[in-house]
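Okay, so here's the structure we're looking at.
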Amino acid sequence: MAKVVCVLYEDPESGYPTSYARDDVPTITRYPDGQTAPSPSAIDFTPGQLLGSVTGELGLRKYLDANGHAFVVTSSKDGPASVLERELQDADVVISQPFWPAYLTAERMAKAPNLKLAVTAGIGSDHVDLEAAIKRGITVAEVTFSNSISVSEHVVMMILALVRNYLPSYQWVLKGGWNIADCVARSYDLEGMHGGTVAAGRIGLAVLRRLKPFDVRLHYVDRHRLPKEVEEELNLTWHSSVEEMVEVCDVVTINCPLHPETEHLFDEAMLAKMKRGAYIINTARGKICDRDAIAKALESGQLAGYAGDVWFPQPAPQDHPWRSMPHHGMTPHISGTSLSAQARYAAGVREILECWFEGRPIRDEYLIVDGGKLAGVGAKSYSEGNATRGSEEAARFAR
Ligand code: NDP
């Protein structure tokens, strides 16, 4: 019997939904590279239900109760008085979503001597101190590919929203105006622009594929080059450094994991190398960009727009400058937690737990850290280290 602590975001302010806008979500059985979608022995939820908030419990309650495990679900995650801090002390497994991350710092791990498995319900395990997990023999796993396409759709939406000046124009309608000149004074066509992705992994490549029909001239930078056929099919220009790519791009989308190599990659120096009036879309992780440098570049006009859904820390404090900087299109961290995505990553968490409790290997494609080292997909995409520094600031969030 194990104790499983699961940190999820709060229910909607209007209460947990009793009905939904749509009756079903498409069933995805395979991802574009052939990887199969999660395949647990069963699921105890209806795809399309809200699973990522506290009442949704990732659809795990019945399964964990039936197998005699203790299951604690909470949204209280930051600060010494949080439920997470209290329940961690004898927890065997911690589950959390990047949207509302349970920061697992070295200090917290030290308070959790039984902790053996940290599961990310989604993708991106930077909220776990990977260096400390390696030292302590904690396995870290995430549900690779579960929401990569969800994010790529969001990136394209945000690129169009910024370039075409959608959000301010929508505001004119809400204000009762018909101010066409105000709307279009910052509105352009995406056609013919140069667009580049930092990383062409699952999300980055999906973004490139979705931008191709808009006749965007496509660029990428990645530690490994894509196959020649893909470069030719999408007419891609590969760059050997981020600096070299941003000099020629009108739109830059960031799609690499946060790890020590990428922390604060977009600082004042990198922003100064970009074309004046470029746009950045960052749905990867907030800390890949320097918070104050981004706000400054928008104020000076070096950047024409910045959009994304990722912040540091999360939730972002009320006075976070990205809430009030000009020409931004920020949302809370939502791109990877559409109802469609939730069904996949909830099933993936169930698959990981079934493997863990039944002593079967977790798929290599889900492993980030295992056996005291980076493993599986983690050995390819991450570097050893810690990206959780400063996460205690999340306790400052207050409505
Ligand atoms: P993948 O692992 O498929 O892709 C990550 C890519 O980043 C790999 O191609 C990797 O290169 C590349 N990379 C790693 N380090 C660098 C570097 N220093 N410079 C250039 N490229 C680098 O992951 P996904 O595409 O599925 O997800 C990417 C990230 O997006 C996640 O780690 C997460 O942070 C974020 N994400 C955000 C979500 C949201 O809701 N906003 C939801 C899901 C993910 P290689 O393997 O070739 O070495």
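The values are calculated or read from the model by the stated rules, or taken from the named source; none is laboratory data. All figures in this text were calculated on a predicted structure; none of them were measured in a lab. Methodologically, a virtual Cβ is constructed for each residue, glycine included, from the backbone with ideal geometry; neighbour enumeration extends over all protein chains shown.
Things worth noting here:
- Residue in region 109-124 that is under 22 Å from PHE397 (Cα atoms) and more than 19 Å from the chain's Cα centre (by Cα) present: no
- Scanning region 243-264 for residues that are touching a strand residue (DSSP E or B) at 6+ places or on another chain (Cβ under 8 Å) and under 19 Å from GLY305 (Cβ atoms) returns MET245, VAL246, VAL248, CYS249, ASP250, VAL251, VAL252, THR253, ILE254, ASN255.
- Verdict on VAL230 being of a type in the set (Val, Ile, Thr) and either away from the ligand (no atom under 12 Å from the Cβ) or at positive phi (or both): yes
- Selection over region 378-398 of residues that are crowded, with 22+ Cβ neighbours inside 10 Å and touching a helix residue (DSSP H, G or I) at 6+ places or on another chain (Cβ under 9 Å) gives a count of 4.
- Applying the condition of being in contact with a strand residue (DSSP E or B) (Cβ under 6 Å, 6 or more places away or on another chain) and more than 11 Å from the ligand (Cβ to nearest atom) to region 110-120 and asking which residue is farthest from GLY52 (Cα to Cα) yields LEU117.
- Taken over region 252-278, the residue count meeting the criterion of being part of a loop (DSSP other than H, G, I, E, B) and within 25 Å of GLY385 (Cα to Cα) is 12.
- Unique residue being at pLDDT 95 or above, surrounded by fewer than 16 Cβ atoms within 10 Å (Cβ to Cβ) and assigned to a helix (DSSP H, G or I) when the list is GLU191, GLU231, GLU244: GLU244
- Candidate set: region 324-361, residues that are charged (D, E, K, R) and either buried (at least 19 other Cβ atoms within 10 Å of the Cβ) or not in a helix (DSSP H, G or I) (or both); chosen: the one farthest from the ligand (Cβ to nearest atom): ARG360
- ASN165 satisfies every condition listed in (1) at positive phi; (2) modelled with pLDDT under 95 except (2).
- ILE149 being of a type in the set (A, V, I, L, M), at pLDDT 95 or above and either within 16 Å of the ligand (Cβ to nearest atom) or touching a Pro at 6+ places or on another chain (Cβ under 8 Å) (or both): yes
- Test for LEU84: is it touching a strand residue (DSSP E or B) at 6+ places or on another chain (Cβ under 7 Å), modelled with pLDDT of 95 or more, over 19 Å from ALA395 (Cα atoms) and not hydroxyl-bearing (Ser, Thr, Tyr): no
- Tally, over region 1-42, of residues that are charged (D, E, K, R), closer than 24 Å to VAL94 by Cβ and surrounded by fewer than 17 Cβ atoms within 10 Å (Cβ to Cβ): 2
- Every test in (1) more than 18 Å from GLN342 (Cα to Cα); (2) buried (at least 17 other Cβ atoms within 10 Å of the Cβ) is passed by PHE45 save one, and that test is (1).
- In region 262-300, residue modelled with the lowest pLDDT [restricted to those that are within 22 Å of the chain's Cα centre (by Cα), surrounded by 14 or more Cβ atoms within 10 Å (Cβ to Cβ) and acidic (Asp, Glu)]: GLU263
- Residue under evaluation ASP319, criteria (1) among the acidic types (Asp, Glu); (2) part of a loop (DSSP other than H, G, I, E, B); (3) touching a residue at least 40 places away in the same chain (Cβ under 8 Å), criterion not met: (3)
- Applying the set (1) more than 17 Å from the chain's Cα centre (by Cα); (2) under 23 Å from GLN35 (Cβ atoms) to PHE99 leaves exactly one unmet item: (1).
- Every test in (1) closer than 23 Å to THR331 by Cβ; (2) within 15 Å of the ligand (Cβ to nearest atom); (3) of a type in the set (A, V, I, L, M) is passed by LEU190 save one, and that test is (2).
- Among the candidates LEU162, LEU205, LEU211, residue that is in a helix (DSSP H, G or I) and out of contact with any Leu (no Cβ under 8 Å at 6 or more places or on another chain): LEU162
- From the options ALA307, ALA284, residue that is in a strand (DSSP E or B) and within 16 Å of the ligand (Cβ to nearest atom): ALA307
- Flag for VAL198 being surrounded by 15 or more Cβ atoms within 10 Å (Cβ to Cβ) and away from the ligand (no atom under 16 Å from the Cβ): no
- Count of residues meeting criterion [of a type in the set (A, V, I, L, M) and touching a strand residue (DSSP E or B) at 6+ places or on another chain (Cβ under 6 Å)] in region 139-176: 8
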